[in-house]
Amino acid sequence: MNILLVYPRYPVTFWSFKYSLKFVSKKTAFPPLGLLTIAAMLPKEWNLRLVDMNIEKLRSKDLEWADYVMLSAMLIQKESVDHVLEQCRRYDKKVIAGGPLFTAVPDEYKNRIDHLILNEAENTLPLFLKDLENGCPGPIYNSDDFIDMAETPIPRWDLIRVKDYATLLVQYSRGCPFNCEFCDVTILFGHRPRLKSTEQFLSELQAIYDIGWRGSLFIVDDNFIGNKRAIKAMLPRIIEWMKDHHYPFTFFTEASINLAEDDELIDLMVKSAFDSVFVGLETPNEASLKECSKLQNVSLNVNDAIKKLQKAGLEVLGGYIIGFDNDDESIFSRQIKFIQETGVVTAMVGLLQALPNTRLWHRLKEEDRLEECATGNNTDGSLNFIPAMDKNLLMDGYRKMVKTIYSPKYYYQRLSRFLENYDKPKFAQKRKITSSDLKAFFRSIFYLGVLGNGISQWYYWKMILKSATFHRRAFPETITLIIFGHHFRKVAKKMYRSGMTKNQLTASG
């Protein structure tokens with residue numbers, strides 16, 4: 001059996017880091033962890049090929065070779081999925097599909113895909129494989145049960161060229177104890193965090209180490225600290241493993257802001273070589289936080305919490321949302337002030353989207369306010385519901401706000417504030433500068449310091465001088481964030497111009 005695993009293309013977004021990749025000679029940011037894990041669950045005698053469309057095109061000879069095409073995708077990849085399905089139809093290839101997109105909106109695909117493997121594949125894929133072996137595979141396989149993470153195999157890293165990727169991925173847990181109205185994590189994975197064993201997780205780290213990877217690892221858990229007791233028991237083993245292997249990796253992950261309330265956990269994460277954490281900060285508007293049940297952000301001083309994490313050696317990447325029912329016209333200036341004061345350099349501000357089957361989606365549906373399916377990209381300037389604020393006012397304010405915070409002046413102000421708050425851990429200061437680090441630095445000089453436009457050039461050299469003079473120990477982090485800023489500005493500018501064009505078309509039409 002010849003199986004072609006296909007990972008559809010991502011659009012250019014803030015999280016794609018597309019315009020940063022040339023600085024580090026990478027083709028895309030992240031590998032398709034889900035497909036690589038699925039591959040490890042398929043029969044050993046099957047022949048497998050994987051095409052990541054973020055790196056290469058789906059070629060006719062690949063489709064001709066395949067007996068089946070297997071797709072995995074998220075909502076944001078929907079447009080690319082449609083193109084892949086059209087290619088498969090032309091070549092008369094049967095398609096097997098699963099992942100968050102198909103689980104969220106299966107009715108859109110039940111007549112276009114031969115076999116839908118929904119929910120967690122550890123439950124549903126074996127059922128399909130058994131029926132396929134018996135010659136009677138069905139059209140849809142689903143399950144409401146949540147799997148034991150011990151059933152999840154080590155991904156098939158041999159199916160990709162890891163050097164094409166900026167960061168590799170690993171998963172420790174699924175599920176989140178919180179109940180944010182807009183979030184689909186608990187719909188997909190439940191409220192009770194389910195964990196891999198420490199030995200299982202260490203085996204995955206060893207597998208990544210053995211393929212020769214050195215550098216950044218993203219632990220993709222939606223809330224890494226969902227079960228603090230288990231994490232605290234696991235991290236000392238990670239510290240020991242990292243020491244024995246001479247710190248081959250740095251980690252970053254996603255966590256809730258209540259991490260800042262646990263000094264022991266912060267210390268263990270920093271000693272394990274975590275250098276950054278993404279936190280859903282959402283909004284400075286307490287009424288909006290209560291509206292969406294983000295109560296963990298109401299119970300503490302978020303500004304102080306961010307500064308505490310930065311001081312401990314963790315860069316905080318922030319997620320922010322505009323468009324809650326309790327937002328008024330003041331929210332745009334309040335968000336800018338909130339972001340600038342805390343020194344959250346990587347600030348991802350998105351318009352609220354009602355993702356399928358979330359509590360928000362059901363509420364808006366009952367209120368007859370849903371308009372279309374969400375794009376899955378909350379930074380593309382689109383809305384899929386009728387907001388409480390005037391829609392044009394909301395969208396214009398959002399676009400102007402994003403353009404503002406990623407302008408050189410505001411971006412470099414945040415970077416300066418971060419460097420003032422940040423205290424790099426002593427063991428991290430001893431890490432050797434790699435050839436990749438030097439390449440990124442010299443390319444930044446050429447592309448941003450020499451070829452950049454006047455304003456960006458001026459801020460670039462000012463920040464280089466400031467960091468080299470006052471924050472030498474954080475100079476590598478400074479270069480990384482300068483390069484990220486280049487990407488963010490290009491995406492923000494593209495989104496702003498696209499929004500202005502749409503407004504002009506609406507006004508004239």
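A short reminder: the numbers here are calculations on the coordinates, not readings from a lab. All figures in this text were calculated on a predicted structure; none of them were measured in a lab. As a convention, Cβ positions derive from the backbone with ideal geometry for all residues, glycine included, and neighbour counts pool all protein chains shown.
Which aspartates and glutamates have a Cα lying under 14 Å from the Cα of Lys308, excluding residues fewer than 8 positions away in the same chain? Cα-Cα hits under 14 Å: Glu261, Asp262, Asp263, Glu264, Asp267, Asp275, Glu341, Glu420, Asp423. Residue ranges 348-355, 374-381 sort as 348-355, 374-381 when ordered by packing (mean number of other C-beta atoms within 10 Å per residue, highest first). Going 7 Å from the Cα of Tyr410 toward and past its Cβ, which residues in segment 312-326 have a backbone nitrogen under 18 Å from where you end up? Answer for segment 312-326: 317-324. Per residue of the chain, the DSSP helices (runs of n ≥ 4 H) give a summed -39500 (n - 2.57) that works out to -13000 deg cm²/dmol at 222 nm.
Out of every Cα-Cα pair that segment 327-445 contains, those further apart than 18 angstrom amount to 66 percent.
Placing a pseudo-label 7 Å from each Cα along the Cα-to-Cβ vector at Arg214 and Asp67 gives an inter-label distance of 4.2 nm. Spacing of the modelled spin labels on Lys391 and Phe470, each 7 Å from Cα toward Cβ, amounts to 4.6 nm. Radius of gyration (Cα atoms) of segment 371-509, expressed as a multiple of 2.2 N^0.38 Å: 1.32. By the Cβ distance rule of under 4.7 Å, the chain has these cysteines without a partner: Cys88, Cys136, Cys176, Cys292, Cys373.
Each label point is 7 Å from the Cα along the Cα-to-Cβ direction; what then is the distance between the points at Lys27 and Lys94, in nm? So the label points at Lys27 and Lys94 sit 2.9 nm apart. Put simply, the C-alpha atoms of segment 2-141 give a gyration tensor, and the ellipsoid matching it has half-axes of 25, 16, 15 Å, longest first. For a quick check of your reading of the filter: which chymotrypsin sites (Phe, Trp or Tyr not before Pro) in segment 12-68 sit in a DSSP loop and have no more than 13 other Cβ atoms within 10 Å? Counting only loop positions with at most 13 other Cβ atoms within 10 Å, the chymotrypsin sites (Phe, Trp or Tyr not before Pro) in segment 12-68 are Trp46. Overall, the chain carries a charge dipole of about 2620 debye about its Cα centre when +1 sits on the Cβ of Lys and Arg and -1 on the Cβ of Asp and Glu, all other atoms neutral.
For Thr250, the amide hydrogen comes within under 5 Å of the amide hydrogens of Gly215, Ser216, Leu217, counting only partners 5 or more places away or on other chains and with H modelled in the peptide plane. Using a 10 Å cut-off around each Cβ, can you sort Tyr172, Tyr91, Tyr10 from fewest to most neighbouring Cβ atoms? Listing Tyr172, Tyr91, Tyr10 from fewest to most nearby Cβ atoms yields Tyr91, Tyr10, Tyr172. Gap in Å between the Cα centre of segment 450-471 and the Cα centre of segment 284-359? When both Cα centres are located, 29 Å separates them. Along its first, second and third principal axes, ordered by size, the chain spans 68, 63, 46 Å in Cα coordinates. Here the average projected area of the convex hull drawn through the C-alpha atoms of segment 112-234 stands at 10.0 nm². Note on segment 430-502: with charges restricted to the Cβ of Lys and Arg (+1) and Asp and Glu (-1), its dipole about the Cα centre is near 160 debye. Residue separation of Arg161 and Glu108 scaled by 0.36 nm, minus their Cα-Cα distance, works out to 15.8 nm of gained length. Here the contact order of segment 430-502, divided by its residue count and restricted to Cα pairs under 8 Å and six or more residues apart, works out to 24 percent.
Taken along its three principal axes, the alpha carbon spread of segment 430-502 comes to 50, 22, 19 Å, from the longest extent down to the shortest. Between Arg363 and Trp46, full extension at 0.36 nm per residue minus the direct alpha carbon distance yields a gain of 109.6 nm.
Near the amide H of Ala66, within less than 5 Å, lie no amide hydrogens of residues on another chain or at least 5 residues away, with H placed in the peptide plane. With 30 Å as the limit on Cα-Cα distance, the pairs of Lys439/Lys466; Lys196/Lys294; Lys228/Lys462 that go past it are Lys228/Lys462. In the chain, the DSSP beta bridges split such that about 5 percent are antiparallel, to the nearest 5. Footprinting exposure proxy ranking of Thr283, Thr480, fewest other C-beta atoms within 10 angstrom first, gives Thr480, Thr283. How high is the relative contact order of segment 66-177, in percent, counting Cα pairs under 8 Å that sit 6 or more residues apart? Rounded, it is 19 percent for segment 66-177. By the count of other C-beta atoms within 10 Å, a proxy for reagent exposure, Lys57, Lys26 are ordered fewest to most as Lys57, Lys26. For the chain, the relative contact order is 13 percent, taking Cα pairs closer than 8 Å that sit 6 or more residues apart in sequence and dividing their mean separation by the residue count.
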